[in-house]
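The block underneath contains the structure these notes are about, expressed in structure tokens.
Values quoted throughout were computed directly from the atomic coordinates according to the rules given, and no laboratory measurement underlies them. Note that this is a predicted model, so its numbers are computed, not measured. All Cβ positions, even for glycine, are placed from backbone atoms using ideal geometry, and neighbour counts span all protein chains on display.
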Amino acid sequence: MDLGPGIPHNCQCGALTIVLTSGTSRNPGRKFYRCGAILGPNHVFKWFDEAQFEEFDVLASKQTMIINDLAQINKDIVELKNDLGEIIEVIEQIITKL
Ligand SMILES: [Zn+2]
């Protein structure tokens, strides 16, 4: 089952995930995400700590995209302001000729 990186919020079956704590001798006290409906090979199982580390990378990538989007929006605003200034000049010239 390919969950993708980060925190699994839903299982492929549609159920929400739940966080449980391992009671095994191999991973005592280690938290994990699991499908909230069904325990099985085709349902979510992911270690909580690994998901959290992946989530940092996911969020960092999203943050980079948002920063780039904001930079583009700022450029667009500057261009729009310049266009608006030119439009106002043209209107003022038309008004003075009337
Ligand atoms: Zn499931």
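For the reader, a short list of remarks on this structure follows.
- Of Val78, Ile94, Ile18, farthest towards positive along the dipole that unit charges on Lys, Arg, Asp, Glu beta carbons give region 17-97: Ile18
- Compactness relative to 2.2 N^0.38 Å, alpha carbon Rg of region 2-63: 1.15
- Around Ile91: net Lys/Arg minus Asp/Glu count, Cβ-Cβ under 15 Å: -3
- Between 0 and 90 degrees, the angle of helix 48-97 with respect to the longest Cα principal axis of the chain falls at about 10 degrees.
- Counting only Cβ charges, +1 for Lys and Arg and -1 for Asp and Glu, the dipole size of the chain around its Cα centre is about 780 debye.
- Within straight-line cross-link reach of Lys46, lysines at Cα separation under 21 Å, skipping those fewer than 8 residues along the same chain: Lys31
- Bridging of Lys62 to aspartates and glutamates at a Cα separation below 19 Å is possible for Glu50, Glu54, once same-chain residues fewer than 8 apart are set aside.
- With the convex hull drawn over the C-alpha atoms of region 17-97, the volume per residue is 141 Å³.
- Charge tally in the Cβ shell below 15 Å around Gly4, where Lys, Arg are +1 and Asp, Glu are -1, Gly4 excluded: -3
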